[in-house]
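Have a look at the structure below, then the notes.
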Amino acid sequence: QQPVQSPQAVILREGEDAVINCSSSKALYSVHWYRQKHGEAPVFLMILLKGGEQKGHDKISASFNEKKQQSSLYLTASQLSYSGTYFCGTEAYSGAGSYQLTFGKGTKLSVIP
Amino acid sequence: NAGVTQTPKFRILKIGQSMTLQCAQDMNHNYMYWYRQDPGMGLKLIYYSVGAGITDKGEVPNGYNVSRSTTEDFPLRLELAAPSQTSVYFCASGGTGTSNEQFFGPGTRLTVL
């Protein structure tokens, strides 16, 4: 089941902060965050694992509430280069010993001067 | 390293035609994935592979087939193209397990008329 992201779109001025939320109805093993610029492939930002381990970006932070199956991505002091569509991917057990990653519909972030 | 490469970049098919989308990676990753991306819908998993000779269905496998004879290559086959298969197709690869960064190829934009 596809995770739900909010907001769908946000416009920021340079230097402002933003929070993007991701929630799932399934018990999650991990949450992934990717950024995609227009006409390009998604690029990895971060993985948050059940149990607290994080792998990824130094300048972007995120949280993972395992009990609520929710994650938030925090973008502080936004730069023009932060513009793009942010996708969360939620990893959950899909049966027969395997896990699957399901992506949300994305949050479009526009940073203006 | 070239990373993940995909060919072709663009293709127009007529209804009922067949084609193969090529994907190769040179990072010695076990896991490889095929996604389709429709406007505003995020990434949908079509098929994935955990190693040479092993493939499994994702969320939207109907109308597609895959094979994985080597670690490096993971082609996606469309047998009878339909307008509903008009989309951007991304191939990705990752390490061992779903809880790792995925590296995406540049994508193939397919139009079925």
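When you go through B:Glu72, B:Glu79 one by one, which is the residue that is out of contact with any Ser or Thr (no Cβ under 6 Å at 6 or more places or on another chain) and open to solvent by 10 Å² or more (accessible area, probe 1.4 Å)?
B:Glu72
Taking the conditions exactly as written (touching a Ser or Thr at 6+ places or on another chain (Cβ under 9 Å), among the aliphatic types (A, V, I, L, M) and open to solvent by 60 Å² or more (accessible area, probe 1.4 Å)), does B:Ile12 satisfy them or not?
It is true that B:Ile12 is touching a Ser or Thr at 6+ places or on another chain (Cβ under 9 Å), among the aliphatic types (A, V, I, L, M) and open to solvent by 60 Å² or more (accessible area, probe 1.4 Å).
Residue pairs, Cβ under 8 Å, 6 or more apart or interchain, first in segment B:35-52 and facing chain A (nearest Cβ under 7 Å), second of a type in the set (Lys, Arg) and crowded, with 16+ Cβ neighbours inside 10 Å. List them.
B:Gly40/A:Lys105; B:Met41/A:Lys105; B:Gly42/A:Lys105; B:Leu43/B:Arg36
State all residues of segment A:82-113 that are open to solvent by less than 60 Å² (accessible area, probe 1.4 Å) and either more than 12 Å from chain B (Cβ to nearest Cβ) or closer than 21 Å to A:Leu12 by Cα (or both); if no residue qualifies, say none.
Within segment A:82-113, A:Tyr82, A:Ser83, A:Gly84, A:Thr85, A:Tyr86, A:Phe87, A:Cys88, A:Gly106, A:Thr107, A:Leu109, A:Ser110, A:Val111 qualify.
Which condition number does B:Asp56 fail, the rest of (1) open to solvent by 60 Å² or more (accessible area, probe 1.4 Å); (2) modelled with pLDDT of 95 or more being met?
The failed condition is (2).
Select from segment B:22-46 the residues that are of a type in the set (A, V, I, L, M), closer than 12 Å to A:Thr102 by Cα and at pLDDT 90 or above and write down the one among them that is surrounded by the most Cβ atoms within 10 Å (Cβ to Cβ). First the steps, then the outcome.
Quick first cut of segment B:22-46, residues of a type in the set (A, V, I, L, M) only: B:24, B:27, B:32, B:41, B:43, B:45-46.
Restricting the remaining residues to those that are closer than 12 Å to A:Thr102 by Cα gives B:41, B:43, B:45-46.
In the following step, the residues that additionally are at pLDDT 90 or above were identified as B:43, B:45-46.
Numbers: B:Leu43: 27, B:Leu45: 21, B:Ile46: 24.
Selected residue: B:Leu43.
When you scan segment B:88-98, how many residues do you find that are within 9 Å of chain A (Cβ to nearest Cβ) and either buried (at least 19 other Cβ atoms within 10 Å of the Cβ) or in a strand (DSSP E or B) (or both)?
3
The values are calculated or read from the model by the stated rules, or taken from the named source; none is laboratory data. All values reported here derive from a predicted model rather than from experimental measurement. Reconstructed Cβ throughout: ideal geometry from the backbone, glycine too, with neighbour counts over all protein chains shown. Ligands, DNA and RNA are excluded from the accessible area calculation, which covers all protein heavy atoms including side chains. Shrake-Rupley method; radii C 1.70, N 1.55, O 1.52, S 1.80 Å.
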